Amino acid sequence: MHRPLTPPVRCLIIDEMHPSILPLLTSIGVLGDYQPELPAAEVASTLATGGYDGLIVRSKLFISAEVVRAAPNLRFICRAGAGTDNLDEDALTASGIYLINAPEGNREAVGEFAVGLLLALLRNIPRADREVRARHWQREANRGIELSSLTVGIIGFGNMGAAFAQKLSGFGCRVIAYDLFPEKINLSLARAVSLEQLQTEADVISLHVPLTPRTRRLVDADWLARCARPLWLLNLSRGEIVDTSALVGALQTGRVQGAALDVLENERLTTLSAEQASDFDYLCQHPQIVFTPHIGGWTTDSYERINHVLTSKLARFINAD
């Protein structure tokens, strides 16, 4: 239960959104102020002077306690996507600001993309493509591995992990999963196991957990050393969950056979430290690394679907007793 909002409900939108966002907001009685070009440095002052009830943000800036303090009228924040690590959730809770995110909006995209990345790794698709373009026709050197022969371990069985498991169901591979809340795991899609059992049995490990203090650099050298089999690693969650230097070391020893990385510890590639640049250069020259620029959930379908998820949840919040 919350204090009712007084019409008209006004919402500032500071990131680019699918054009459906304004009519969808209007349909639930919300006046959207679409300002995707608003500089990050001006968001706090705009909130302070605009009298907005809500804010819709993707990733323009970190919504800090300072930003929250500047917006005394703010009642809700909608995060256009799944992750909420660019929001100070403690500050939001302390100020009574309701948080809405939309993992349902891009889960299908992430599930499909994870399968695509895994097949690209196992069947050497990016490497073979580069070789053919260079007029090298090397069949034997690109002999692959069948997904159906492997055990896939999924860490995190929320919207994204479950979608990946569902997509894997037609491939005939064995799927196991670990989650802090094992009751979330759909046993028709995966067998629930402990983290230790997953590290012992999995040929492939795919990460689908949010970035929190507990998961930051979860996959470090010690963690990788506990994996019993030469590993294929997928990261479609947040780059900071994997210690990049530890991954490089594991590739050098063969403990990790290859990795598909849709996210990086530092995605601002022009700002890499000397150590980060060295690690990145190694990964770039490794034949079993596949990079993509954080596009796992980035489809034309999810772009629009996220708006529907956000406005549906926002309508329930506004109309709650």
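Excluding W137 itself, what net charge comes from residues whose Cβ is under 15 Å from its Cβ, given Lys and Arg +1 and Asp and Glu -1?
Net local charge, W137 excluded: +3.
Among (1) 1.01; (2) 1.04; (3) 0.95, only one was calculated for this model; which label is it, if the read-out is Rg/Rh (Cα atoms, Kirkwood Rh)? Correct label is (1).
The candidates H136, H286, arranged from most to least accessible area with a 1.4 Å probe in the full protein assembly, appear as H136, H286. Protein heavy-atom surface of the range 93-227, 1.4 angstrom probe: 52% of the accessible area is carbon and sulfur, with nucleic acids and ligands not counted.
Only helices reaching 18 angstrom along their own axis (Cα) with mean Kyte-Doolittle hydropathy no lower than -1.0 count here, and for the DSSP H runs of the chain these are 103-122, 300-319. The magnitude of the dipole of the chain, with charges of +1 and -1 set on the Cβ of Lys/Arg and Asp/Glu and taken from the Cα centre, is near 600 debye. Taking every DSSP helix (H) stretch of at least 4 residues in the chain, weighting each as -39,500 (n - 2.57) and dividing the sum by the residue count yields a mean residue ellipticity at 222 nm of -11000 deg cm²/dmol. Shown are E304, E240, E275, whose ranking by accessible area with a 1.4 Å probe and every protein chain present, most to least, is E275, E304, E240. Contact order, relative form, for the chain: 17 percent (alpha carbon pairs under 8 Å, 6 or more residues apart, mean separation divided by residue count). Average accessible surface for the chain: 49 Å² per residue, computed with a 1.4 Å probe over protein heavy atoms with every protein chain in place. Here the contact order of the range 208-283, divided by its residue count and restricted to Cα pairs under 8 Å and six or more residues apart, works out to 32 percent.
The values are calculated or read from the model by the stated rules, or taken from the named source; none is laboratory data. This one's a predicted model, so the numbers in the text were calculated from it and none came from an experiment. Reconstructed Cβ throughout: ideal geometry from the backbone, glycine too, with neighbour counts over all protein chains shown. Areas reflect the complete protein model, heavy atoms only, side chains present, ligands, DNA and RNA absent. Shrake-Rupley method; radii C 1.70, N 1.55, O 1.52, S 1.80 Å.
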